[in-house]
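Rule-based calculations on the coordinates, nothing more; no lab input. Since the model is a prediction, treat every value here as computed from it, not as a measurement. All Cβ positions, even for glycine, are placed from backbone atoms using ideal geometry, and neighbour counts span all protein chains on display.
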Amino acid sequence: MGLGLVKWSRIKSPWILHFNSGACNACDIEVLAVLTPRFDVERFGMLLKGSPRHADIIVITGSVTRQIRDRLVRIYEQTPEPKFVLAVGNCAGTGGVFQQCYNVYEGVDKVIPVDVYVPGCPPRPEAIIHGVVKLLQKLQEAS
Amino acid sequence: MMREALGVVELLVFPGFLFLSWLALYFEWVDRKFYAKLQYRYGPLYTGPKGFLQPFADFVKLLAKEDIVPAAVDRFLFTLTPILMLALAFYALFYVPIVPMVRNVAFGAFEGDLILVIFVLTMVGFLKFLAGWGSTNRFSAVGAVRTAFQLLGYEIPLAVVLLTAGMGAGTLNISLIAQKVASNGILASALLPALAISIVCFQAELERIPFDIPEAEQEIVAGWLTEFSGRRLALFRFATDLELTLAAALTAALFLGGPYGPAIPLIPVQVSYFLWFMFKTTVIVMVLANIRALFARLRIDQMVHFSWRHLLIAAVAEAIFIQVLLAAGVIA
């Protein structure tokens, strides 16, 4: 019962932190579209938070440049458990068009664990919401 | 014996801790929902009916999250401030008439409780400063200093304007002021400018747009709240909701008569208290949400400049106005 309540609250109140790890801004604009009135994810209890200490889901766009790697790891470590990572866009999934560049890590999962990948260049806001729903479903099914 | 039992119920259940907790979450919901409506959004929608359980879900989730204590923080302040802030917000609410049950006044009412509540409001602002300062984070420190600076701006006009209501009613007992205002139409209308000033001051006290300078997330992450996570953040958010409740209840009591109002026929007096209280406070919270949706953030110097140049002068003018009316015998 108690655990059921906690699980319910986690599914109903996913707060996100938006992190740009070297994206071209296209994915970021789509993430913002998710938060603004047209798609309004506050309907599902999602809020954008400024501090990683307040967040549950880190939404990462971009292909993780060498320069930002340490910052990304630090932000990930600053986020309290349970935390989840949503990699938005082709770059965050595989490095995208920056694959085999000398200065990128070719994907967020080379640096920190990722829960859900949302492909697209950039993915549409519906796709990002779908990714979050997949994440919450994983949470629902986990015991 | 019966009276004591009723007193315990009043302290713990209605309108005590349980009802106040519900009220705080209800006001957060009204605030978020109305704010969303003004922006052509829906706001929380799927958590309970119309998203009513959203603040509760946020609270439970934060309670169950990992509670990080960074190595550099002042552990004593980091632990003390959330608890003390919650306790103070609850404490002040027992002096504000909400739904009087046993006696016809608030649970802890005594002559001079207005001074006590003003003191608690200042203490809450000061605790925010200590919380940010104890975090030893550069963003927290900037937010904390801004909180303290902002406190200098809004605190004096707020105190002047709250005491003006006391002057007009001839008492410093919040419940008696509310009764007097509810029964005296001339006093209530003379206090309308004071109502407007107090709403602006409470907007600053609650650190909401346009006075959310201490937690400006585009500049300083989350201000004095930056380092808090898990349980501590849950307590802070809950304390902020209670502060919103306190602001709405206090404004309603001092300037609109709080729970007292014209008797509604065919229902017990306590039910009419409840209906009047909910009506007045909900309207005040909606006005606060409307201000939040209308404005953009001010700079800290603009805020302090505005408070001292305009707000304080308006508050003092209102106090003089009430004194003149009292001297002329207009307010009986």
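Loop sites only, by DSSP: take the trypsin sites (Lys or Arg not before Pro) in chain A that have at most 16 other C-beta atoms within 10 Å and name the longest stretch containing none of them.
A:67-143
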Here the gain from full extension of A:Y102 to A:E126, 0.36 nm per residue of separation minus their alpha-carbon distance, amounts to 5.4 nm
With charges set only on the Cβ (+1 for Lys and Arg, -1 for Asp and Glu), what does the dipole of the protein assembly as shown come to about its Cα centre, in debye to the nearest 20? 580 debye
Counting only residues 5 or more apart in sequence or on a different chain, those whose built amide H sits under 5 Å from that of A:V85 are A:I58, A:D115, A:V116
Chain B: longest stretch without exposed trypsin sites (Lys or Arg not before Pro) (DSSP loop, at most 14 other Cβ within 10 Å), sites themselves excluded? B:104-298
Taking a crude spin-label model, label points 7 Å out from Cα along the C-beta direction, the A:V6 to A:E81 distance in nm is 1.1 nm
B:E66/B:W22 FRET efficiency (R0 25 Å; Cβ-Cβ; nearest 0.05): 0.35
Hydropathy at least 0.5 by Kyte-Doolittle, axial extent at least 27 angstrom from the Cα trace: which helices of chain B, defined as entire DSSP H runs, fit? B:17-38, B:75-93, B:113-134, B:138-169, B:230-256, B:269-294
Can you put B:I83, B:I209 in order of Cβ neighbours within 10 angstrom, beginning with the fewest? B:I83, B:I209
Dividing the alpha-carbon Rg of chain B by 2.2 N^0.38 Å yields what? 0.99
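So what's the back-of-envelope 222 nm ellipticity for the protein assembly as shown, counting only DSSP H runs of four-plus at -39500 (n - 2.57) apiece and dividing by all residues, rounded to 500? Mind showing how you got there, number by number?
Details: 19 runs with 281 residues, N = 475.
After summing the helix terms and dividing by the residues of the protein assembly as shown, the value is -19500 deg cm²/dmol.
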Between B:I313 and B:R103, what FRET efficiency comes out of the Förster formula 1/(1 + (r/R0)^6) with R0 = 56 Å and r the beta carbon distance, rounded to 0.05? 0.90
In what sequence do A:C121, B:C201 fall when counting other Cβ within 10 Å, fewest first? A:C121, B:C201
Tell me, in nm to one decimal, what length is gained between B:A293 and B:L11 on full extension, where the rule is 0.36 nm per residue of separation less the Cα-Cα distance? 98.0 nm
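If the convex hull of the alpha-carbon atoms of the protein assembly as shown is projected onto planes in all directions, what is the mean projected area in square nanometres?
Mean shadow area of the hull around the Cα atoms is 24.6 nm².
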Could you pull out every residue, at least 5 positions away or on a different chain, whose amide H is within less than 5 Å of the one on B:T136? Hs are placed 1.01 Å off N in the peptide plane, and Pro or chain starts have none. B:D74
Least to most buried among B:D74, B:D58 (fewest other Cβ within 10 Å first): B:D74, B:D58
At what distance in angstrom do the alpha carbon centres of segment A:27-64 and segment B:211-225 lie from each other? 18 Å
So who's got an amide H within less than 5 Å of the one on B:D212, skipping anything under 5 residues away but keeping other chains? H placed 1.01 Å off N, in plane. B:L298
Stokes-Einstein D in µm²/s, Kirkwood radius over Cα pairs - segment B:231-292 at 10 °C with 1.306 mPa s viscosity: 125 µm²/s
How much length is gained if the chain between A:E141 and A:N25 is pulled fully straight, taking 0.36 nm per residue apart and subtracting their Cα-Cα distance, in nm to one decimal? 38.4 nm
